[in-house]
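The next block holds one structure in the form of C-alpha cells; read it before the comments.
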Amino acid sequence: MNKPLEIEITYAANIARVKLRGRLDTPGVDRVEAKFTSAVVPEGKNTVVDLSDVSFIASMGLRMFIGLAKALRRNNAKMVLFAPQSQVNEVFNTVVLREIVPIVVDEAEAVRFAAT
Amino acid sequence: MAQPEDHGDRTTIYRREDTLPEGNQEEFGHYMVVIGGTGLGRRLLLDSEPITIGRDASCDMALASPDVSRRHCRLHLVAGEVFVTDLRSTNGTYVDGKRIEESMLVPDGSIVEIGQQVLKHERRRTREVKEAQELDRDLEKARNYVLSLLPSPIVTGTVQAEWFIVPSAKVGGDAFGYGALDNDRFAIYLIDVSGHGVGAAMLSVSILNVLRQLALPGTDFGRPDEVLNRLNAMFQMENHNGMFFTIWYGVYNRLDRSLVYSSGGHHPAYVVSPDRKAFVPLTTMGPLIGVQEDKRFSRADTRIAAGSALHLFSDGVFEIADKQSRQLGLSEFLPLLNQPAVEGRSEPQRIYQTVRNTARPGPLDDDFSYLVIKFA
C-alpha cells in the first residue's frame, strides 16, 4: 500500500518552499491541494516546489500545478518546480508543461527564477 | 440456488441472492467484492452457506479459466469471521499474496486470489452497500453510454480497426474514434480527459461528439493541426470545470499512403513494421488542449508501408504498478510492440493480457484504452 502524499510548507525571504513526498495521484491531490492553495495563492507568494521525492504524477497532479500557476500569475506571483524524478520529468516533457510552469534542476536555480 | 447469468462470455458467475435483508439497515454484512477478473465490482454476500469457487459449473462461482481447478476453494463464515479453504487446487489459493495450506482467516480488507480472479473481503453496513450498489448502477449506465459511442471494429477492407477498453473507475475520461472523411481519407483519434469518473466522462463525450459529427466550424478535418487549434479554442479549462485533455489525431490517405498527424500533450502513437521488428514514434510534442488559449499546434506526416499497424493508446496502458509495487512507464511497455501475435486474440487484447499479468492485483490505476489500425 502506498503511503499518503505528504506536504511541507516553509517560508524564507518572501518565497514559499513546498516539499511534496509520495504520489501525485487523485487521492494525493485531494489530500494536499486545499492546503497548498491556501498557503500561497491568497497572498500571491512566489513559490518553489521540491519534487525530488515525488515518484509519480497523474493528470490530477498536472491539473493542480497548472491551476496554481495560473492563480499565482493573476496575483503577480510565480511558481517554479525543481528536481523532478526521471519518470515525472518524462510526463512533464510529454505534456510540454514547461511552457506553463518553469521546471529547473535544483532549488538554487528555482529560487533565482522565482525572485526575478 | 440463484439462476446463472449469461454474460455472453466464457465465464458464468452464479450469484448468491445479494439483495439486502429486511430489517435493521445498520447490520453488518460480509461481502467478497470482485476487484480483478470477471464481473468487476460484483458483491457476493457471505451467510450461513459456504460458497464454493472453481471451474465446475456446479460451483457457486464458476470460473472458466484453465488456471482454476474444478473445485478450487471454499469461502465460509464461522462465528462472524470469514475463512477460505483450499480444496487441493493445482495452482493454489492466495490470501494477501501468500499461498494458503488448508484454511486461512480472511480479515476485513484482505485479498483472495484464485487464478486471475481477485476478491476483496469487505465488512460493511448493509445500508452503505445498498447506497454503493445504487451508485454502481448509475455509473454502469454512464459507462455503457460512453461505450455505445465508440465505433465498431472494422474487420474487412484496406484499413481495419480493432480496440479494447477497460475503464478504471466504472467510467473514465478516455475516448477514441475513427472513420472515413471521404473516399480517400480516414481519420483516427484518441482523447484522454484529466481525471476520471463522471465529470471526465461527460467532457470526453462532448469532445467525441464534436469529432464524430465533424462539428468544428470552418475546420478542415483532414488537417490535424487545424482540428487541434479549434478544439483548444473551444475547450479552455476555465470554461470546463478546470479540466483539460490530451489528444492524438491523424488522417490517413490511401491514395499516397500518407499519414498526417498532430498531438497535444499526448505520448506518441507508434507505427509497427509488418515484421514487428521495428516501431516508429509519431508525435508533434504539442501541449495539453485547453490550457493555453493562444497556443497554435503543428502537424507532421509520414508514409505508411503496406502491412504496418498504428498503435494508439492511453497512458493508463503503461503507467502501472507491478506486483512489487514498482511504478512502470512507457520504456518498460514498448517492447510489447515487438512481441508476436497470439492466436485467437486481437492485438489490443494481447497487450491488455500482458499488462494485466504484469500489474499488481486489483483494478488498473487508470483507463486502459488501446486502438490498432492495420493498413493493407
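Here are a few things to note about the model shown:
- Taking the criterion of being within 14 Å of another protein chain (Cβ to nearest Cβ) and within 20 Å of the chain's Cα centre (by Cα), the residues of the stretch B:202-235 that qualify are B:LEU203, B:SER204.
- Within the stretch A:6-40, tally of residues that are within 14 Å of chain B (Cβ to nearest Cβ) and buried (at least 17 other Cβ atoms within 10 Å of the Cβ): 8
- Residue check for B:GLY172: in a strand (DSSP E or B) and of a type outside the set (A, V, I, L, M, F, W, C): no
- Test: residue in the stretch B:204-212 that is at pLDDT 95 or above, touching a strand residue (DSSP E or B) at 6+ places or on another chain (Cβ under 7 Å), under 20 Å from B:LEU312 (Cα atoms) and not in a helix (DSSP H, G or I): no
- Members of the stretch B:191-203 found to be within 14 Å of B:ARG143 (Cα to Cα) and either among the acidic types (Asp, Glu) or in a helix (DSSP H, G or I) (or both), listed by number: B:VAL198, B:GLY199, B:ALA200, B:ALA201, B:MET202, B:LEU203
- Count - residues of the stretch B:303-343 that are small (Gly, Ala, Ser) and more than 14 Å from every other protein chain (Cβ to nearest Cβ): 6
- The one condition in (1) touching a residue at least 40 places away in the same chain (Cβ under 8 Å); (2) away from chain A (no Cβ under 12 Å) that B:GLY362 fails to fulfil: (2)
- Of all residues in the stretch A:68-99 being more than 17 Å from A:LEU20 (Cβ to Cβ) and outside any helix (DSSP H, G or I), the one that is nearest to the other protein chains (Cβ to nearest Cβ): A:VAL96
- When B:ILE320, B:ILE304, B:ILE247 are screened for being at pLDDT below 95 and of a type in the set (Val, Ile, Thr), only B:ILE320 passes.
- Condition met for A:PRO102 (within 14 Å of chain B (Cβ to nearest Cβ), touching a strand residue (DSSP E or B) at 6+ places or on another chain (Cβ under 8 Å) and within 30 Å of B:PRO281 (Cβ to Cβ)): no
- The strands (runs of 3 or more DSSP E) found wholly in the stretch B:40-150 and carrying at least 3 residues that are among the hydrophobic types (A, V, I, L, M, F, W, C) occupy B:43-46, B:73-78, B:81-86, B:111-114.
- Within the stretch B:287-294, the presence of at least one residue that is within 14 Å of another protein chain (Cβ to nearest Cβ) and under 21 Å from A:GLN87 (Cα atoms) is confirmed.
- Every residue from the stretch B:236-258 that is away from chain A (no Cβ under 14 Å) and buried (at least 17 other Cβ atoms within 10 Å of the Cβ): B:TYR249, B:GLY250, B:VAL251, B:TYR252, B:ASN253, B:ARG254
- Residues considered: B:VAL280, B:VAL271. Of these, the only one that is in a strand (DSSP E or B) and surrounded by fewer than 18 Cβ atoms within 10 Å (Cβ to Cβ) is B:VAL280.
- Number of the exception - A:LEU51 against (1) buried (at least 19 other Cβ atoms within 10 Å of the Cβ); (2) part of a helix (DSSP H, G or I): (2)
- Hits in the stretch B:259-286 - residues which are more than 8 Å from every other protein chain (Cβ to nearest Cβ), among the small types (Gly, Ala, Ser) and out of contact with any Lys or Arg (no Cβ under 6 Å at 6 or more places or on another chain): B:SER263, B:GLY264, B:ALA269, B:SER273, B:ALA278
- Every pair of residues 6+ apart whose Cβ atoms lie under 6 Å, when the first sits in the stretch A:47-67 and is at the interface with another protein chain (Cβ under 7 Å from one of its Cβ atoms) and in contact (Cβ under 8 Å) with a residue 12 or more places away in the chain while the second is among the polar types (S, T, N, Q) and part of a helix (DSSP H, G or I): A:MET60/A:THR26
Each row is one residue, and each column tells you yes or no for (1) closer than 27 Å to A:GLU90 by Cα; (2) touching a residue at least 12 places away in the same chain (Cβ under 8 Å).
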site: B:VAL193; (1), (2): yes, yes
site: B:ALA201; (1), (2): yes, yes
site: B:GLN213; (1), (2): no, no
site: B:LEU216; (1), (2): no, yes
site: B:LEU231; (1), (2): yes, yes
site: B:PHE244; (1), (2): yes, yes
site: B:ARG257; (1), (2): no, yes
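The values are calculated or read from the model by the stated rules, or taken from the named source; none is laboratory data. Just so it is clear, the model here is predicted, and its values are computed rather than measured. Quick reminder, even Gly has a Cβ in these numbers, built from the backbone with ideal geometry, and neighbours come from all protein chains shown.
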